[in-house]
Amino acid sequence: MRIVAADARASRQGIFVSQSLSDAKAIVPDLEAREIDRGFLASAFADFANWHSNASPIVSVLTDQAQWGDLVLDIEGVSHLFGSEAIMLETLMDRLAELGFTVNGAIASTVGAAWALANHGAAQIVGEDARQALANLPVAALRLHEEQIAGLRHLGLKSIGQLYGRDRRSLQARFGTSLLLRLDQALGFVEERVTPRLPLVDHYAERRFAEPIALMDDVLMTARDLGFQLAARLEREGVGAQAFHLFLYRVDHKVMTLSVNAGRATRDAAHIGRLFAHRVDRLQGEYDAGFGIDMIRLAASSLSPLAQHQIGAFESADGAADLDRLYDRMASRLGPLAVVHSKFVNTHIPEQAVELEPIIARTEDDPQATPDRSLRRPLRLLPAPEPVTVAFAEVPDGPPPNMIWRRVRYRFVKTSGPERIGVEWWSLPEAMLGPSGGDKAVNDGSGLTRDYYIAEDESGRRFWLFREGWYGEGAFPRWFLQGFFG
Amino acid sequence: MQGLSKHQTLQDLRTRIQALEKRPPGLEENAVAAGKPGLFTLPSGLLHEVFTDLLGNAGAALGFSLGLARELVRPERPAILYLQLLHEAQELGTPYGAGIATFGLDPANLIFCRVETPIELLWAAEEAIGCPAVAAVLVDVGAAFTALDFTASRRFALRCSDTGSSLFLLRYGLGREASAARLRWHVEPVLSGKAPFDARAPTEPRWQVNLEKGTLGLGRAPVDLIVDWTQNGFERVDAGAGADGLQAPAPLSGAAFAALGDRLSEAS
């Protein structure tokens with residue numbers, strides 16, 4: 001057991017990170033030690049990171065050094081919103097400190113330099129050239145491995161400044177390329193990119209509140225206003241979006257996200273507002289504003305070009321736009337999987353021939369899968385075929401004379417069939433095919449061939465049922481009811 | 001004296017209610033003239049109830065309702081929506097795209113909406129009626145629930161007459177409660193007619209249709225028919241045919257002989 005983190009009081013008494021727990025207890029007998037809860041720390045830190053996207057859209061977490069990460073914000077073009085870089089740094093650090101955290105931060109032109117200053121220096125702002133600022137920092141500030149640091153110490157190279165101008169080849173031979181890479185990254189000779197935590201959005205509109213708001217109605221009203229701003233921006237660029245995300249930044253460093261999707265690209269602010277209103281209806285108890293929301297951002301993604309639309313004159317009244325709006329509304333309130341349409345699939349197996357596809361994520365129709373209207377298919381299909389008891393058919397492959405379904409007996413007066421639907425051997429897994437390829441599975445049925453019958457009982461109910469496998473294959477062939485005709 | 005004034009008051013109230021009640025335009029007057037020629041000529045914007053006795057007849061109820069709904073489809077009103085509670089799908093079966101194509105409807109125009117709670121079902125139905133491109137909304141109510149009361153049906157009826165979409169409530173069982181539906185149908189499947197080449201095979205759907213509430217127009221006889229669903233829509237099965245499905249052959253046009261001007265045809 002080793003020490004992972006120690007507070008200021010413990011450090012004063014001589015406890016340091018990576019010390020073994022028994023040593024520490026020997027120094028301070030009444031030491032209060034708690035086991036690290038990595039899961040909790042990681043999720044809390046992730047919340048932090050999300051929260052900081054209210055300061056800058058590009059937030060990233062570096063996980064290669066610290067236990068739970070270092071927060072990196074790309075503040076290119078953002079700092080003026082706070083006044084200046086210095087004010088921004090101060091604001092961000094103050095609000096974390098107010099929450100009771102120990103914070104250190106720095107602004108530099110490279111990730112490496114900022115990391116070095118934040119972890120091993122004081123809070124400061126360094127311009128383009130970081131050489132001077134880094135020179136006096138220990139080599140550990142370069143994000144190196146334990147062995148590399150120990151090796152450098154051994155050679156008497158303790159500060160970063162001592163590495164400047166050394167023979168690169170011998171450094172590489174001793175410590176590997178990663179040392180040089182880290183040095184170059186810190187000094188800006190090699191570019192280092194950060195991967196944003198949240199998907200990057202080009203189009204967004206946001207509003208900050210002097211006083212935190214909490215009521216859902218206020219949030220929705222703001223979302224509507226932001227919708228108009230965003231719509232104007234999208235219109236200027238001639239694009240529409242299919243996905244809209246509402247980020248609610250809570251005062252207590254949590255971010256709530258609400259997303260809605262539209263069936264076709266849109267930039268109709270009123271429609272977007274309505275979608276969010278319906279989406280919120282579905283939230284019910286999940287909405288919790290905590291101590292309030294101090295910033296709301298509306299972002300658009302899945303952009304596609306959307307030309308200016310002429311109203312009137314040559315409009316064809318096929319209602320497609322009305323329908324799309326209806327489906328969007330329903331999907332945002334009832335869930336995206338609630339509104340579906342029949343998508344035909346090129347297969348003979350009845351329950352696989354029609355898929356229910358969400359209408360807001362409609363895909364191109366497969367021209368080969370158009371249903372054959374001459375085949376008699378039931379109006380209603382049971383999602384899972386239900387087993388029924390059928391007395392022996394009178395003749396081989398003959399129609400069933402009756403059935404017992406859900407404990408009720410039905411005597412059939414009229415029947416037609418069989419319609420044999422064989423196994424699709426070309427889609428079977430290799431193991432089921434046997435040595436002679438598809439022939440075996442097809443020839444012996446393997447219990448996968450179905451004979452379908454249409455049967456009508458005395459009172460005119462028309463059923464669609466099938467026998468699994470071939471006649472005489474087993475002593476008791478299994479029968480299933482799969483659908484009802486009109 | 002007392003009786004007369006009571007009678008008078010009732011009469012007054014009736015007149016006021018009639019004035020207040022928003023009647024959808026032209027059910028009585030224009031229905032016969034304006035609609036497409038068909039067996040059931042229906043104006044749009046009505047609330048229908050389609051009752052059938054057993055859950056096992058769900059296919060017949062759906063078929064009949066889709067048949068009525070198909071006649072309401074117009075180029076500017078292409079869509080038909082079908083709403084069902086998710087947990088009733090296995091009980092009643094869900095509409096099957098391939099079967100709907102065979103039935104004579106374009107599956108692309110039939111959209112399914114599967115909801116989780118009765119309240120969502122009502123919300124979705126009301127939302128769907130409000131869309132000007134929806135011809136008909138079919139709501140499958142497998143088990144009756146309390147939220148679907150007279151007030152809810154009144155809401156539906158008013159909204160339907162406002163927007164011109166029609167709503168079909170598919171109901172099961174023998175119970176009937178008060179509702180604002182203008183038309184209440186009762187549908188039962190009937191043994192189908194004779195197939196042309198196979199007497200033992202079932203053919204086109206055949207239903208016993210009974211209009212329990214409302215009329216299709218002033219002065220029209222009450223509807224109590226046996227109908228077939230054919231390629232051309234509903235077709236009345238001749239009353240003389242009976243339930244065994246023996247359809248009488250088309251009567252010879254005896255009048256044709258008399259209409260001939262000369263006597264040549266008779267002479268030959």
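The values are calculated or read from the model by the stated rules, or taken from the named source; none is laboratory data. None of the values given here were measured: they were computed from a predicted structure. Here the Cβ positions follow ideal geometry from the backbone for every residue, glycine too, while neighbour counts run over all protein chains shown.
Within the group A:G335, A:G319, which residue is within 19 Å of the chain's Cα centre (by Cα), within 13 Å of another protein chain (Cβ to nearest Cβ) and within 30 Å of B:T94 (Cβ to Cβ)?
Of A:G335, A:G319, the one residue that is within 19 Å of the chain's Cα centre (by Cα), within 13 Å of another protein chain (Cβ to nearest Cβ) and within 30 Å of B:T94 (Cβ to Cβ) is A:G335.
Applying the selection to region B:125-151, what residues are closer than 30 Å to A:A320 by Cβ, in contact with a helix residue (DSSP H, G or I) (Cβ under 6 Å, 6 or more places away or on another chain) and aliphatic (A, V, I, L, M)?
Residues satisfying the conditions are B:I129, B:A133, B:V134, B:A136, B:V137, B:L138, B:V139.
So which of A:Q162, A:Q229, A:Q242, A:Q185 ends up being of a type outside the set (V, I, T), assigned to a helix (DSSP H, G or I) and in contact with a Ser or Thr (Cβ under 8 Å, 6 or more places away or on another chain)?
Matching residue, one of A:Q162, A:Q229, A:Q242, A:Q185: A:Q185.
Can you work out which of the residues in region A:443-457 that are at pLDDT 90 or above and not hydroxyl-bearing (S, T, Y) is nearest to A:P350 (Cα to Cα)?
A:I454
Quick one: what pairs do we get from region A:353-381, first residue within 20 Å of B:F64 (Cα to Cα), second β-branched (V, I, T) and at pLDDT below 85, C-beta under 9 Å, 6+ apart or different chains?
The qualifying pairs do not exist here.
Among the residues in region A:394-417, are any without any contact (Cβ under 8 Å) to a residue 60 or more places away in the chain, among the polar types (S, T, N, Q), outside any helix (DSSP H, G or I) and more than 7 Å from every other protein chain (Cβ to nearest Cβ)?
Among the residues of region A:394-417, at least one is without any contact (Cβ under 8 Å) to a residue 60 or more places away in the chain, among the polar types (S, T, N, Q), outside any helix (DSSP H, G or I) and more than 7 Å from every other protein chain (Cβ to nearest Cβ), which makes the answer yes.
Yes/no per residue for (1) of a type in the set (D, E); (2) touching a His at 6+ places or on another chain (Cβ under 9 Å); (3) surrounded by 15 or more Cβ atoms within 10 Å (Cβ to Cβ):
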{"residue": "A:A118", "(1), (2), (3)": "no, no, yes"}
{"residue": "A:A122", "(1), (2), (3)": "no, no, no"}
{"residue": "A:V126", "(1), (2), (3)": "no, no, yes"}
{"residue": "A:L152", "(1), (2), (3)": "no, no, yes"}
{"residue": "A:D167", "(1), (2), (3)": "yes, no, no"}
{"residue": "A:Q172", "(1), (2), (3)": "no, no, no"}
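Show me the strands (runs of 3 or more DSSP E) found entirely inside region B:96-182 where at least 2 residues are more than 10 Å from every other protein chain (Cβ to nearest Cβ) and either surrounded by 22 or more Cβ atoms within 10 Å (Cβ to Cβ) or touching a Ser or Thr at 6+ places or on another chain (Cβ under 7 Å) (or both).
Per the criteria, B:134-141, B:166-172.
Answer yes or no as to whether A:R461 is away from chain B (no Cβ under 12 Å), buried (at least 18 other Cβ atoms within 10 Å of the Cβ), modelled with pLDDT of 85 or more and within 21 Å of A:P350 (Cβ to Cβ).
no
Taking helices (runs of 4 or more DSSP H) that do not extend beyond region A:1-82, which have at least 1 residues that are surrounded by fewer than 18 Cβ atoms within 10 Å (Cβ to Cβ) and within 25 Å of the chain's Cα centre (by Cα)?
Once the helices (runs of 4 or more DSSP H) in region A:1-82 are filtered for at least 1 residues that are surrounded by fewer than 18 Cβ atoms within 10 Å (Cβ to Cβ) and within 25 Å of the chain's Cα centre (by Cα), what remains is A:38-51.
Of all residues being farther than 14 Å from B:V50 by Cα and surrounded by 20 or more Cβ atoms within 10 Å (Cβ to Cβ) in region B:183-202, which is farthest from the chain's Cα centre (by Cα)? Just the residue, please.
B:P202
From the list A:D202, A:D167, A:D184, A:D218, pick out the single residue that is in contact with a strand residue (DSSP E or B) (Cβ under 9 Å, 6 or more places away or on another chain) and without any contact (Cβ under 8 Å) to a residue 24 or more places away in the chain.
A:D218
How many of the residues in region A:246-285 are at pLDDT 85 or above, of a type in the set (K, R) and not in a helix (DSSP H, G or I)?
Of the residues in that region, 2 qualify.
Would you pick out the residues in region B:195-210 that are more than 11 Å from every other protein chain (Cβ to nearest Cβ), under 24 Å from B:Q231 (Cβ atoms) and touching a residue at least 12 places away in the same chain (Cβ under 8 Å)?
B:V209
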